[in-house]
Amino acid sequence: MSSMFQEIVAFIFSTSGWVLVSSTLPTDYWKVSSLDGTVITTATYWSNLWKACVTDSTGVSNCKDFPSLLALDGFIQACRGLMIAAICLGFFGSIFALVGMKCTKIGGTDKVKAKIACFAGVNFILSGLCSLSACSLYAHRITQEFFDPMYIAQKYELGAALFIGWAGSVLCIIGGSIFCFSITDSCTKSGSQAKYIYRGATSHSHISSHPRGQATSVNQRLPPDYSSSPGSQHFDKNAYV
C-alpha cells in the first residue's frame with residue numbers, strides 16, 4: 001500500500017472521528033434516567049455537560065442550564081475541558097494534514113511534508129485520547145452511582161452521546177497512528193533513493209576520468225619518458241671539459 005493511499009485513508013478516518021467528537025459536545029443524551037425497578041414511567045430525566053432536562057409523557061421537555069461554572073461537579077468541568085481540547089486539537093490536525101499530504105501542492109519537499117503529516121497524526125492521537133478520557137470519566141461516574149447501594153437519588157444509564165464519543169475517539173487514534181507510520185515509509189524511500197544516487201555518481205566519476213579502453217588506476221602512473229622529447233640532446237663524456 002502506497003504512502004499516498006495511507007495518508008488518504010488516515011485523513012478520512014481522522015476527520016470522521018473529529019466530526020463525531022465535535023458533535024458529541026452539544027449532544028443532549030450523555031446520561032438518561034434508568035428504568036430499572038420502575039413499573040410506570042411518567043417522566044424521563046436526561047442530562048449533558050451543559051444542562052439537565054426532564055421530558056414528560058406528552059413529549060414536552062423542560063430544561064435548566066447549569067447556573068454556575070464554579071458550582072459544578074469536578075468531573076463535569078474536567079469533561080468540558082477535555083472535550084474542548086479534543087475539538088481544538090482535531091481542528092489543527094486537519095489543517096496540518098491537508099498541508100502535509102502528498103496529494104496536495106503546498107508544504108514544500110516530500111521530507112518536510114512527511115514531518116507535517118506526522119505532526120498532524122500526533123494532534124489527532126491527542127484529540128482522540130482527550131475525548132476518550134472525557135467520555136470514560138463521565139461513564140465511570142454514571143456506573144459508580146448506579147451500582148452504589150447507598151445512593152438513593154435518581155440513577156442514570158449511559159447515553160447515546162458517550163458511544164458516539166468513543167467511536168470518534170477510536171477513529172481519531174487510528175487515523176493519527178496511520179499518519180505517524182506514513183513518515184517511516186517516506187524516510188525509507190528517501191534514504192534508498194539517496195543511496196542509489198550516490199553510487200551512480202561514484203561510478204560515473206571513475207568512468208569519465210579515463211578514456212575508453214585505457215582505464216588505469218589513479219595511483220599507478222607511468223614514469224616520465226624524456227627520451228622522445230624534441231628538445232632532448234645527447235652529450236659526450238668530455239662535453240663540459
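Only the coordinates and a few stated rules stand behind these numbers; no lab work does. None of the values given here were measured: they were computed from a predicted structure. Virtual Cβ from ideal backbone geometry, glycine too; neighbours counted across all protein chains shown.
Cβ under 12 Å from residue 76's Cβ, residue 76 left aside: what net charge do those residues give with Lys, Arg +1 and Asp, Glu -1? My count for the surroundings of residue 76 gives +3.
Stretching residue 137 away from residue 151 to a fully extended chain increases their span by 3.2 nm, per 0.36 nm per residue minus the current alpha-carbon distance.
Model label points for residue 105 and residue 52, set 7 angstrom from Cα along the Cα-to-Cβ axis, are 5.7 nm apart. Between residue 63 and residue 184, the contour length at 0.36 nm per residue exceeds the alpha carbon distance by 38.4 nm.
Applied to region 81-87, the Karplus parametrisation 6.51 cos²θ - 1.76 cosθ + 1.60 on θ = phi - 60° returns per-residue 3J(HN,Hα) values of x, 5, 5, 5, 5, 5, 5 Hz, with x for Gly and Pro.
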